[in-house]
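Below you'll find the structure, written out as structure tokens, and then a few comments.
The values are calculated or read from the model by the stated rules, or taken from the named source; none is laboratory data. Predicted model only: the values in this text are computed from it and were never measured. Cβ atoms come from the backbone with ideal geometry, glycine included; neighbour counts cover every protein chain shown.
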Amino acid sequence: MERKYMAEPFKIKMVETIKMTTQEEREVAIERAGYNTFLLNSKECYIDLLTDSGTNAMSDNQWAGMMLGDEAYAGSVNFFELEKTVQELYGFKHVVPTHQGRGAENILSRIAIKPGDYVPGNMYFTTTRAHQEMNGATFVDIIVDAAHDSENEEPFKGNVDLKKLQDLIDRVGADKIPYICIAVTVNLAGGQPVSMENARAVSKIARQHGIKVMFDATRCIENSYFIKEREEAYKDKSIAEIVKELFSYGDGATMSGKKDCLVNIGGFLALNDEDLFQKAKQMVVLFEGMPSYGGLAGRDMEAMARGMRESVDYYYIKHRIEQVRYLGSKLDAAGVPIVKPIGGHAVFLDAKRFLPNIPQDQFPAQALAASLYTISGVRSMERGIVSAGRDGKTGKHHYPKLELVRLTIPRRVYTYAHMDVVAEAVIDLYENRDKICGLEMVYEPPVLRFFTARFKPLK
Ligand code: PLI
């Protein structure tokens, strides 16, 4: 029987009541928050699509694992379980747990980068680039041009442009490139995947030049589903087989467990190289904790190991991708400009096309996110000029080609009925878009400004 959509492959054992708010209450809240959705309190949000990071619902199996936490300072059994799971599922030899993804980025950047180096990547991510730059590297974007075009419907818009990679190697020399960072999927491009073919080709070039490949594994399960769906040779492979092959093209990975490992906190750095592993262990004790807990409780490591095993279940990931696609398709059908193809973790509204009359330095995506919250209680996130920050040398804004609002779907949390509410709110806002005005930034912190910057409407 043909179904309208794949309903949830889980049933609900515990509920969390969400607070309903009025438009008047939300107007007060957004003004107090300086028109920055990061500064709203969660209780002021009806449907919270700020992020898919750490907002996952854990399974009964993961909660059961939480009770088996071995909270030893050293040599916790849960660490060995996590290590075994990473080795088995992802194929990397060594595992250093960290409190979350950026903990792993910090360690990797410190042990691998020398001042004056270059780190190419398939589009930047905020924390990843910040750590690279703090350690003296220049980030170089080597993603395919299609990634910067929200209307281009190529299936693998996360791919590395091999020519851009080769040109960089020719220009600066392989010895100035400690590693290539490949994010699977690419968050700021709209959750777009990298193909297996491309990962293989990048790895081949890297190995020819003695350059390492480090994956940002954060959403690798979503990426693997897209490979199964879109790359002919993989249609009969399991998600687990695809993940394993994908990571065979790398030398290590940073992981934010708060996304595809289905937990609320946790991460790790995985490495094959023995020397780098020894250096990572020296660093982790400084910044996170013993190499057998890295800033995590034993119970958190257990939940992460169990979440990793659940995440490779085909029906889990099929439902996840289809739920995101359901929301995106409703918006698309109503003519709302979104990034296409619809990505893995979120639907991205294209604020440049949504609000063509607001110039980029009046923060159209920030204004759109604030308005969406005010009319509906749906919290989203700016992913445009505010997130991109300023050029360290010139002090000028980075002007990213993509000026987006991200409607990020937490895993296993909301139902299709919630997606309907979100779609109706966005469509209503689109029909009344002429009422939205630009913003002025009235407070700007020096790094990662999007988290705490404050704004004021221009009229
Ligand atoms: O938030 P962390 O420190 O666990 O992970 C950092 C991080 C690294 N890579 C990628 C691709 C991310 O998306 C990421 C965190 N993302 C957040 C918080 C998000 O809202 O998308």
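How do the strands (runs of 3 or more DSSP E) wholly within the range 123-236 filter down when requiring 1 or more residues that are within 16 Å of the ligand (Cβ to nearest atom) and either polar (S, T, N, Q) or within 30 Å of Glu310 (Cα to Cα) (or both): which remain?
179-183, 212-216
Out of (1) part of a loop (DSSP other than H, G, I, E, B); (2) surrounded by 13 or more Cβ atoms within 10 Å (Cβ to Cβ), the odd one out for Met419 is which?
(1)
May I ask you to say which residue of Glu105, Glu44 is more than 16 Å from the ligand (Cβ to nearest atom) and either closer than 21 Å to Phe451 by Cβ or of a type in the set (Val, Ile, Thr) (or both)?
Residue meeting the stated conditions: Glu44.
Among the residues of the range 47-58, count how many are more than 15 Å from the ligand (Cβ to nearest atom) and under 10 Å from Arg379 (Cβ atoms).
Total meeting the criteria: 1.
Just give me the residues in the range 389-446 being within 16 Å of the ligand (Cβ to nearest atom) and either small (Gly, Ala, Ser) or over 30 Å from Ile265 (Cα atoms) (or both), in sequence order.
Within the range 389-446, just Gly389 meets the criteria.
Give the residues of the range 100-122 that are in a loop (DSSP other than H, G, I, E, B) and free of Cβ contacts under 8 Å to residues at least 60 places away in the same chain, sorted by residue number.
Pro115
Please work out if Thr394 is hydroxyl-bearing (Ser, Thr, Tyr) and surrounded by 13 or more Cβ atoms within 10 Å (Cβ to Cβ).
Taking the combined requirement at face value, the residue does not satisfy it.
Of Lys244, Lys259, which residue is out of contact with any helix residue (DSSP H, G or I) (no Cβ under 6 Å at 6 or more places or on another chain) and either closer than 24 Å to Ile409 by Cα or within 16 Å of the ligand (Cβ to nearest atom) (or both)?
Sole residue among the options that is out of contact with any helix residue (DSSP H, G or I) (no Cβ under 6 Å at 6 or more places or on another chain) and either closer than 24 Å to Ile409 by Cα or within 16 Å of the ligand (Cβ to nearest atom) (or both): Lys259.
Can you tell me which residue is nearest to the ligand (Cβ to nearest atom) among those in the range 324-343 that are part of a loop (DSSP other than H, G, I, E, B) and crowded, with 19+ Cβ neighbours inside 10 Å?
It comes out as Gly343.
Criterion first (in contact with a helix residue (DSSP H, G or I) (Cβ under 9 Å, 6 or more places away or on another chain), at negative phi, buried (at least 21 other Cβ atoms within 10 Å of the Cβ) and at pLDDT 95 or above) does Tyr46 satisfy it?
no
Can you go through Tyr73, Tyr35 and tell me which one is among the aromatic types (Phe, Trp, Tyr) and surrounded by fewer than 13 Cβ atoms within 10 Å (Cβ to Cβ)? Spell out the reasoning first.
Values: Tyr35 fails: surrounded by fewer than 13 Cβ atoms within 10 Å (Cβ to Cβ).
Selected residue: Tyr73, the only one of Tyr73, Tyr35 that is among the aromatic types (Phe, Trp, Tyr) and surrounded by fewer than 13 Cβ atoms within 10 Å (Cβ to Cβ).
Just checking, does the range 423-434 include any residue being out of contact with any strand residue (DSSP E or B) (no Cβ under 8 Å at 6 or more places or on another chain), among the hydroxyl-bearing types (Ser, Thr, Tyr) and not in a loop (DSSP other than H, G, I, E, B)?
Scanning the range 423-434, I find at least one residue that is out of contact with any strand residue (DSSP E or B) (no Cβ under 8 Å at 6 or more places or on another chain), among the hydroxyl-bearing types (Ser, Thr, Tyr) and not in a loop (DSSP other than H, G, I, E, B), so the answer is yes.
Could you list, in sequence order, all residues of the range 141-167 that are crowded, with 20+ Cβ neighbours inside 10 Å and either closer than 22 Å to Asp391 by Cβ or in contact with a Gly (Cβ under 6 Å, 6 or more places away or on another chain) (or both)?
Hits for the range 141-167 are Ile142, Ile143, Ala147.
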